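The block underneath contains the structure these notes are about, expressed in structure tokens.
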Amino acid sequence: MTIIRWRTQPNLERFINEAFNNRVENNFNENCGCLPDTNIMKSEDNYMIEMAVPGLQKSDFSLKAEENVLSISYEPVEEKNEENSNLTWLRREYKQEAFSRHFTLPETCDIEKISAKYENGILKVFIPFEDPEKTKITKAISVN
């Protein structure tokens, strides 16, 4: 049986080493908790982006396709509840933060047909595309 030492406090030495030994660009690429986790998939006729954003409504999202960039964003609106105006936060462990994600779209996608749906805390964006191999036209040209 192996005995493992249990640490209740974070390892400060490891944290400092990771902070100073990692390259700066690696730290910005990791999901720091301020961007929703995202999956990107491809089927025969479309790309699908799945984004985990529980607790929001369909109307909370802003999706915009401009040129070849798809932007998905959320900006929280601070609710003021007069009923609970006498309450003061003592601890707040969850709060939905604003985010903005940008995805470069391939030239073969059809921006006019992009659609999205939100259910069970998952935002799904469907991006149809045309296979460039299917759209290639071959034509014999005769010389007169």
TODO: Quick one: give the max-minus-min coordinate of the C-alpha atoms of region 85-126 along each principal axis, largest first, in Å.
DONE: 54, 21, 17
Task: 5 angstrom amide H check on LEU105, placed H, neighbours 5+ away - done: VAL69, LEU70
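Rule-based calculations on the coordinates, nothing more; no lab input. These numbers were taken from a predicted model, which means no experiment stands behind them.
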